[in-house]
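Below: the structure, in structure tokens.
Just so it is clear, none of the values below were taken in a lab; they were calculated from the coordinates. Since this is a predicted model, take the numbers as computed values, not measurements. Cβ: placed from backbone, ideal geometry, glycine included. Neighbour counts: every protein chain shown.
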Amino acid sequence: MAQVAAISHADAADVVAYNGGQPVTAAFFLADVERVAESLPASSHLVNFCVDRYHFAVGLIAALVRGQISLLPPNQTPDMLRQLQRDYAGLYALSDSPQQPAVIEEVMYPQAAEDSGRHSSTSRFTVPAFAEDQVAAIAFTSGSTGKPTAHRKTWGALARGAAAEAERFALHREGRSTLVATVPPQHMYGLESSVLMALRGGLALHAGRPFYPADVAAALAEVPGDRVLVTTPVHLRAMLNEEIALPELRLIVCATAVLSLEMAAQAEACYRAPLHEVYGFTEAGMVATRRTVQGQLWHCLRDVRLRRDGDDVKAAGGHVEKEVPFTDVVELDGADQFVLHGRNADLVNIAGKRTSLAYLNHQLNSIEGVRDGVFFMPDESGEGVIRLTAFVVAPGISREALVGALRTRIDAVFLPRPLYFVDALPRNATGKLPREALLQYAAGLKRGGRD
């Protein structure tokens, strides 16, 4: 079985990361990997809780060195951790800050000695490599439509996907770009586009995870050279709403929800950089990209091919090791391009009329003054007709004005009943809205008499 190196940086002095504004060389990254690997307990599975993206990357490779598998759960709630503990005996957590409450055994990330310089090079430069079929991670679906399910990811597949993404964005040719990400590394998009693309593309990663617009600008200003912003529609909308100025960018990468043409065009005009979206789903990982302002066609990554199988469209090839069906409704344009129409689970049929939640969400969020909003269909309860529900963050807009604007955009049968005005939506760290979170949110608002 072929071996795949942990990093593609060719020289000990190549920069792998920026931590606190200081460069970290490949030599010291690998020294940290060796040091952390020695500190890990003998076990088969871990959850990498490290908030610092550099610590997470070191922990990921250190676990591979020890033959351990990193779990990527959709959340870190006590219930989820207890469930994982039942399913994976001996599970422990690697963390760079104490967890409260501590549900499973916790191993603290071992800090290096203060005098171990971060930017020096060393003559000792041995890059570990792992078998292509070594399982590196188990990713879990987000739970947007039900209970999360587990999907094994080999090191070979993850490495090929990261290399294909860097190639698609032409970042592999120079190896001098730095990735600054607003998304956590514990989820597939963050893992692939903010950690693995750096390690396997010969790039550098920024150790932080800026959240607020001003923090994003500050993080970008900390790194030199070509800056790549890896973000989500939620974060992008916040930056545009606040009219925050950013340092010069080479590229904006966006995922977790489909962007509107209007927002993509606004972002490109504001930040003077091309914006590309990444499309993927947990079962396959990354599948395709598009530059949104250039059209609705998605273009598959290298060697990924699509075929229709009855009502399903399936992807395979390249880094997608086994043929998997799309979780969304897509229209093929050849074997490597498609148009996205929405999730199968998003389809809504009311009074003989059909639409999708994605379409309704787009219309709601296109209304001037709406900062955030979402439609969802509650579960059947036996208490009568089930109607669409919507939550909206829209300070300064009256209910009458909002409903009136919706009437001009969508059929009346899809108007939400109830419509909740809220201060914020219960989005997770990647900006998604898991179905269970929406159900709990709606129940709490109903108990509180809000509508």
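Ranked by the mean number of other Cβ atoms within 10 Å of their residues, highest first, the peptides 271-280, 77-86 come out as 271-280, 77-86. With K and R counted +1 and D and E -1, the other residues having a Cβ less than 10 Å from that of residue 332 yield a net charge of -1. The orientation-averaged projection of the convex hull spanning the C-alpha atoms of region 245-371 amounts to 9.7 square nanometres.
Diffusion coefficient (Stokes-Einstein, Kirkwood radius over C-alpha pairs, 10 °C, 1.306 mPa s) for region 3-342: 78 µm²/s, rounded to a whole number. Here is the tail figure for region 351-447: Cα pairs spaced more than 23 Å apart come to 23 percent of all pairs.
Placing dummy labels 7 Å off each Cα toward the beta-carbon, the span from residue 305 to residue 439 is 4.1 nm. Applying a DSSP loop filter and a limit of 13 other Cβ atoms within 10 Å to the GluC sites (Glu not before Pro) in region 165-224 leaves 174.
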